[in-house]
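Bear in mind these aren't lab numbers, they're just calculated from the coordinates by the rules spelled out. Given the structure is predicted, the values throughout are model-derived calculations rather than measurements. Cβ sites come from the backbone with ideal geometry, for glycine too, and all protein chains shown count toward neighbours.
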Amino acid sequence: MKIVILNGPNLNMLGRREQSYYGVKTLADIEELVVEKARDLEVETEFYQSNHEGALVDYLQALTPDVEGIVVNAGAITHYGVSLRDALIDSRLPIVEVHLSNIHAREEFRRHSVIADVAQGQIAGLGWQGYLFALEYLSTHLKQL
Ligand code: DQA
């Protein structure tokens, strides 16, 4: 079973950007923790980050058939990215939306996600641990099917 962890714009800057919202870990640190967790759960992971919505869409369109679930932190694209939303729908895979910060406790424009209603659920405000919770959920959910 393979689960993809997709990250959108500016998440490559984690560790250096707005630490009060996003914490001190870099994306590489988080990926290492996800890989460790995946080993325990006996699932495979694949990571992709891009600052470009079209690149995220291209990546989703090229997913191999062994991918069974998606963890996505679309960054700012979350709030307006209809083409990313459409590509997520077309993947026909279970999706968990993750945000490091609590988007519901920030500016008004961050409170709306165009991905939320096509995801199984959303984890927001739990920092890097959100990625681990999302992976654990998908792994348990997919093994139950
Ligand atoms: C974010 C929240 C978004 O509003 C923001 O644009 C990000 C990060 C988060 O993880 O909290 O880039 O997705």
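Give the residue from Leu135, Val57, Thr26 lying farthest towards the positive end of the charge dipole for segment 2-144; charges sit on Cβ (+1 for Lys and Arg, -1 for Asp and Glu) and the dipole is referred to the Cα centre.
The one lying farthest along the dipole's positive direction is Thr26.
Give the lysines whose C-alpha is closer than 17 Å to that of Lys143, dropping any in the same chain fewer than 8 places away, or say none.
Within the straight-line cut-off, Lys143 pairs with Lys2, Lys37.
Charges only on Cβ, +1 for Lys and Arg, -1 for Asp and Glu: so what's the dipole of the chain about the Cα centre, in debye to the nearest 20?
Result for the chain is approximately 340 debye, rounded to the nearest 20.
Between Glu32 and His141, how high is the FRET efficiency from 1/(1 + (r/R0)^6) when r is the Cβ-Cβ distance and R₀ = 22 Å? Nearest 0.05.
Once the sixth-power term is evaluated, E becomes 0.40.
Only Cα pairs under 8 Å and at least 6 apart count here; give the relative contact order of the chain as a rounded whole percent.
Reported relative contact order: 27 percent.
Once the other residues with Cβ under 13 Å from the Cβ of Gly69 are scored (Lys, Arg +1; Asp, Glu -1), what is the net sum?
-3
Under 16 Å from a label point 7 Å along Cα→Cβ of Ala55: give me every residue in segment 5-26 with its amide N that close.
Zone members listed by number: 5-14.
Sort the following peptides by mean Cβ neighbour count (other Cβ atoms within 10 Å, averaged over residues), highest first: 64-71, 12-19, 98-105. Spell out each step's value before the answer.
Working: 64-71: 16.4, 12-19: 14.2, 98-105: 18.9.
Per-residue Cβ counts within 10 Å, averaged per peptide and sorted highest first, yield 98-105, 64-71, 12-19.
What value, in deg cm²/dmol to 500, does the helix sum -39500 (n - 2.57) over DSSP H runs of n ≥ 4 give at 222 nm once divided by the residues of the chain?
-11000 deg cm²/dmol
When the Cα centres of segment 4-73 and segment 82-145 are compared, how far apart do they sit, in Å?
A separation of 12 Å, based on Cα centres.
Residues with beta-carbon under 10 Å from that of Ile103, excluding Ile103: net charge, scoring Lys, Arg +1 and Asp, Glu -1?
+1
Under 5 Å between amide H atoms, partner at least 5 residues away or on a different chain: which partners does Ala119 have, H built in plane at 1.01 Å?
none
If I model a spin label as a point 7 Å beyond the Cα along the Cα-Cβ vector, how far apart are those points for Asn10 and Ala62 in nm?
It is 2.7 nm.
Can you work out the PRE-style zone for Arg39? Point 7 Å along Cα to Cβ, and I want the residues of segment 113-145 with backbone N under 18 Å.
Of the residues in segment 113-145, 132-133, 135-136 have backbone N under 18 Å from the label point off Arg39.
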